[in-house]
Amino acid sequence: MSDTELLGKLKAKKGLQSLCRTIMYLCGSLSIVALISIPVLAKKDGPWFIPALILAALLVITLSMWVIVNHIETELEKELGTGFIEKILSEKVDLLEYQPFKTLGFDPLRNSKLFNLFDKIEGSDYFRAAYNGVNFEYCDAILTSREKFGDSNTNITEFEGGVIRMKISNPVKGTVIVKQNRNKSAASLEEAAKKMAKAGFTVSNSGNDEFDKAFSVMTEIEGEEKIILTPEFVNRMSRLSEEVSSRLFISLQENDITVAIAKSEDFFDIPSVHKMENAEKFKGLYRRQLEELLTIVNAFTAIPQN
């Protein structure tokens with residue numbers, strides 16, 4: 001099957017999914033109307049069984065549409081992965097593994113100390129690869145926690161974006177955190193530094209004014225940050241701050257580096273239908289996302305790697 005034929009197939013499935021989702025929302029709304037009308041008619045000795053039957057039918061349709069929408073989503077992710085994403089990744093990296101429904105796992109992300117406590121991780125598009133001498137793994141991730149507000153529990157999104165994991169040769173003691181300061185006021189940065197201080201971290205400087213303005217560096221053991229803050233790495237990250245629109249969070253623990261890329265849109269996500277008109281433009285979208293990701297990975301070639 002050619003790229004154009006596969007894209008046409010995916011576009012048709014995306015259109016069917018949109019139709020089913022619209023029917024699901026419509027039937028869900030009508031179910032509420034039917035539910036409200038049942039006690040009203042019952043009080044007036046009216047034919048309350050009619051809206052009850054309608055309610056039952058609407059609930060069956062709503063549930064059926066929900067199942068279909070999620071089934072199509074799974075099919076789209078799988079076919080996009082094997083038909084496009086896996087091939088595009090192989091153009092630029094030595095691809096060792098690609099799993100469209102896999103994540104990096106719960107413990108590595110929690111232990112990185114980059115995120116607030118979270119209860120659940122959802123992710124996709126996991127891959128493991130080598131690029132410019134750096135072995136790394138990546139996945140999209142949404143981290144959520146449940147907090148109680150009054151009598152109800154609410155899901156709070158702690159992080160949404162991409163996560164990279166890689167190794168370095170020289171282990172550090174404790175944890176070193178590097179956070180990009182983009183769109184953060186001086187007051188919020190000071191508050192964040194106080195919170196980190198309570199957790200046992202101290203603020204460090206690289207000696208590069210441009211880098212120190214763009215990033216905050218915090219370490220549990222003074223001096224350990226020097227392993228990552230090489231002059232070449234500091235220069236690359238300073239340039240990266242201008243080249244990449246995403247906000248970066250970096251954790252260095254022993255031999256492990258975790259890089260969180262805060263984005264409202266996932267890398268390699270299922271695009272909208274209007275972006276599926278042309279196969280080359282469609283692939284160009286994923287290639288640009290991969291270039292941004294590899295620009296970030298490339299900054300870490302300044303650190304000795306395993």
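The values are calculated or read from the model by the stated rules, or taken from the named source; none is laboratory data. These figures come from a predicted structure and were not determined experimentally. Please note: Cβ atoms are built from the backbone with ideal geometry, for glycine as well, and neighbour counts cover all protein chains shown. These accessible areas exclude ligands, DNA and RNA; they are computed on the full protein's heavy atoms, side chains included. Shrake-Rupley method; radii C 1.70, N 1.55, O 1.52, S 1.80 Å.
Worth a mention:
- Test: SER206 is over 29 Å from TYR126 (Cβ atoms) and modelled with pLDDT under 75: no
- Residue list for region 97-107, restricted to those being modelled with pLDDT of 80 or more and open to solvent by less than 70 Å² (accessible area, probe 1.4 Å): GLU97, TYR98, PRO100, THR103, LEU104
- Subset of region 209-230 (residues that are outside any loop (DSSP other than H, G, I, E, B) and in contact (Cβ under 8 Å) with a residue 12 or more places away in the chain): GLU210, PHE211, LYS213, ALA214, PHE215, SER216, VAL217, MET218, THR219, GLU224, GLU225, ILE227
- Among the residues making up region 19-38, those that are under 28 Å from the mean Cα position of the chain (by Cα) and loosely packed, with under 14 Cβ neighbours inside 10 Å are LEU19, THR22, TYR25.
- Selection of region 234-275 for residues being modelled with pLDDT under 80 and of a type in the set (Phe, Trp, Tyr) yields PHE267, PHE268.
- Just one residue in the set LEU114, LEU89 is open to solvent by less than 40 Å² (accessible area, probe 1.4 Å), in a loop (DSSP other than H, G, I, E, B) and not acidic (Asp, Glu); that residue is LEU114.
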